[in-house]
Amino acid sequence: MRSEYKLIFERSKAGRRGCDLPALDVPELCELVPEGMRAERRLNLPEIAEVDLVRHYTNLSRRNYGVDNGFYPLGSCTMKYNPKICEELPALFNGLHPLLDADMTQGALDMLYHLDQALCEITGMDKFTLQPAAGAHGEYTGLMIIRAYHELRQDAARTTIIVPDAAHGTNPASAAMAGFKIKEIKSAPDGSVDLDALRAAVGPDTAGLMLTNPSTLGLFETRISEIAQIVHEAGGLLYYDGANLNAIMGIVRPGDMGFDVMHVNLHKTFSTPHGGGGPGSGPVGVKAELIPYLPTPVIMACHGGRVTLDYNRPLSIGKVKSFFGNFSVMVKAYAYILSLGGRGLREASENAVLNANYVKEMLKDTYGLPYDRICMHECVLTPGELEQGGVRTLDIAKALIDRGYHPMTVYFPLIVHEAMMIEPTESESRETLDAFIAAMKDIAREAKEAPEALHAAPVTTPVGRPDEVTAARKPVVRYTADEDNR
Ligand SMILES: *Cc1c(COP(=O)(O)O)cnc(C)c1O
């Protein structure tokens, strides 16, 4: 830790006070506590004046970087700007308790029903469950549905899920958790699914294929109908990882591409900020044939506009989350969808794709571009020639921090050496993109002229380069002021 940054405990000086309490006019509590049960020493609480306290926390809050401070090009994440009105609307439902019965919560259930309908319209699926709390949770739910489908047909040999090597890490993990074996297939040289490898991989053991489209390389799978046909002909189902929906809203629909099950990340595409663990929401949509397997309760519209909850579903995989899932996230998604409308959603996707292609084109002569194709909502670059001078992706990411930017996603997707994945999103203006591009070019210039300086970046933060493996595997989250307190 650089010395100018102190913890509140390190600022403490005995006797300093931030407030004046009236004199005690009752017996001290500790006199009432039997001997032997009292604390052996005083609590080590910081003693600090009000102004120092205010400054300490104000300065800490300013060290937070978010999309409200600046550009946040983290790829595979869709860190776009979320309208503030969407944050306010969940409060409309503050008076509701999830245990209230359907008669008393018609407004909330009606909203959920219409969100389901809107997601069906956007994706081409026939029915959604809103329960899953995240994308990965949605994958697990969808895979359990695929499993239930094969089991009911007594097709027990279908135990393998095929996953391309460009998949998000959650895909094979979810498939394993749902009890499947995983067969990985390599991507073709242009970054798309290798159809020959797929043909060789399918067979009587194929339960399904999990596909991300646009892929984690930010590329659209152009031969999607052939992929769907190969898997369906082999008797498998098609799972669509819809985390990258931000690229295709209003343009193409997974349901029309032949997919049977999919999830959507409301916290990426539909106006919920994310990171740091949630709350998120990963609704799962299915084609008509799979509706019987959806988790209970299923939200249904009845005659006369009444919304009901159907628990009587013998083929259901059961509940996957308490109550209805993360309700506030759904309110935000519904508000966002209604406020943009069909045309607005399409425009959001078009601008997201345009912005990513702009960044790619402006930087492709400065950095390496492993797949020189039109990209979707994100692009993947590499250090290219700079690597010969000893500069790696990590150096470039850290140098961005010193220039006031959150780094892009680094070292993902795994199949690209030294990957840098940039997702600008639709929210950003031409000026913001130009300033970012200029910062990236400035880093490349520095990488050529003074590579050692880049190895030292970042120099503007409290911590420089932690040992990231140890920090992740053995985090020290407890502060101990001195030996005495351990
Ligand atoms: C983010 C993401 C996921 C996982 O979603 P979570 O909500 O983080 O669990 C899955 N697949 C892809 C392609 C993603 O980008």
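What the table below lists for this structure:
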{"quantity": "Ranked list, fewest to most other Cβ atoms within 10 Å of each Cβ, for C30, C379", "calculated": "C30, C379"}
{"quantity": "Kyte-Doolittle mean at least -0.5, axial Cα span of 18 Å or more - DSSP H helices of the chain", "calculated": "106-123, 135-152, 327-363, 430-449"}
{"quantity": "Centre separation in Å (Cα based) which lies between region 49-73 and region 396-455", "calculated": "23"}
{"quantity": "Region 205-277 versus region 299-372: alpha-carbon centroid distance in Å", "calculated": "12"}
{"quantity": "Where only alpha carbons of the chain are counted, the Rg and the Dmax (Å)", "calculated": "26.3, 84"}
{"quantity": "Distance in nm between pseudo-label sites at E347 and V51 (7 Å out along the Cβ direction from Cα)", "calculated": "5.0"}
{"quantity": "Net lengthening on full extension, S322/E35 (0.36 nm per residue, minus Cα-Cα)", "calculated": "98.8 nm"}
{"quantity": "Region 130-159: trypsin sites (Lys or Arg not before Pro) in DSSP coil with no more than 13 other Cβ atoms inside 10 Å", "calculated": "R153"}
{"quantity": "28 Å Cα-Cα threshold exceeded, pairs from K127/K319; K80/K186; K80/K181; K181/K332", "calculated": "K80/K186; K80/K181; K181/K332"}
{"quantity": "Taking S349, S225, S271 and counting other C-beta atoms within 10 Å, the order from fewest to most", "calculated": "S225, S349, S271"}
{"quantity": "Helix-only [θ]222 nm of the chain, DSSP H runs n ≥ 4, -39500 (n - 2.57) each, per residue, nearest 500", "calculated": "-10500 deg cm²/dmol"}
{"quantity": "Chymotrypsin sites (Phe, Trp or Tyr not before Pro) within region 387-475: DSSP coil, no more than 15 neighbouring Cβ in 10 Å", "calculated": "Y411"}
{"quantity": "Integer Hz, Karplus 6.51/-1.76/1.60 couplings in order for region 70-80, x for Gly and Pro", "calculated": "x, 5, 9, x, 4, x, 6, 10, 6, 8, 8"}
{"quantity": "Two-site FRET efficiency, T308 against L354, from Cβ-Cβ distance with R₀ of 45 Å, rounded to 0.05", "calculated": "0.55"}
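Taken together, the values in this text are just the output of simple stated rules run on the coordinates, not laboratory data. Predicted model, so just to flag it, every value in this text is computed and none were measured. Methodologically, a virtual Cβ is constructed for each residue, glycine included, from the backbone with ideal geometry; neighbour enumeration extends over all protein chains shown.
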